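Following: one structure in structure tokens, then a few remarks.
The values are calculated or read from the model by the stated rules, or taken from the named source; none is laboratory data. Only a predicted model underlies this, so the values are computations on that prediction, with no experimental measurement involved. Heads up, the Cβs are rebuilt from the backbone with ideal geometry, glycines too, and the neighbour counts pull from every protein chain shown.
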Amino acid sequence: MYPRCGSSGSIQNIHQTPSSSNQNTEDEDDSGDNKASALSFKERRREAHTQAEQKRRDAIKKGYDSLQDLVPTCQQSDASGYKPSKAAVLQKSIDYIQYLLQQRRRQEEERNALRKDVVALRIMQANYEQIVKAQHSVPGLNEQRLTDQDKFQVFQGIMDKLFESFESVPTNDFAEFSAGVFNWLEEYCKPQSLRTMVHGVLRDQNYTL
């Protein structure tokens, strides 16, 4: 009787031992899978961070390369033959942008000045058109108008008279020359003097007023 009980107890113990062993093995496998999964997540995150950092560096490098292509002063190498550093590229880009802004302001000022000149010229054009219209409305005035060649001859005659009189201005030194110029202006360039001179030139060239 006792041996059977003992044998049955031994058999029961034999049957129970494999199940507990299998359970321990499964727990160890689950723990290993969790560790592997956690390690794989860290590796993926590290890889994603590395890729993002590489993209950022590539974008910065591309930006600096674009600046070097756009800014003329960045295309020049220094005496050693090396390309300018990133700090030099940024500073030269800032200087070039400031230069462009100054050029733009200068061009705007010149454009505004040209606009004023255009307005003034249009006003003068309108005034001359009114004068020409008034002259055409006077009977017999067209016959008295001078040709361009006649006007040039009259102008040349006036300038010759002025040049002849200007030869009397002394030119020994600047002070004497300045005093002589003022005296010449007072004597020969007064309205009455110019009027008399113009009348004389017209008489010499057989023109009547």
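May I ask you to verify whether Y99 is at pLDDT 90 or above and among the hydroxyl-bearing types (S, T, Y)?
In short, yes.
Among the residues of the stretch 190-209, count how many are loosely packed, with under 13 Cβ neighbours inside 10 Å and not in a helix (DSSP H, G or I).
5
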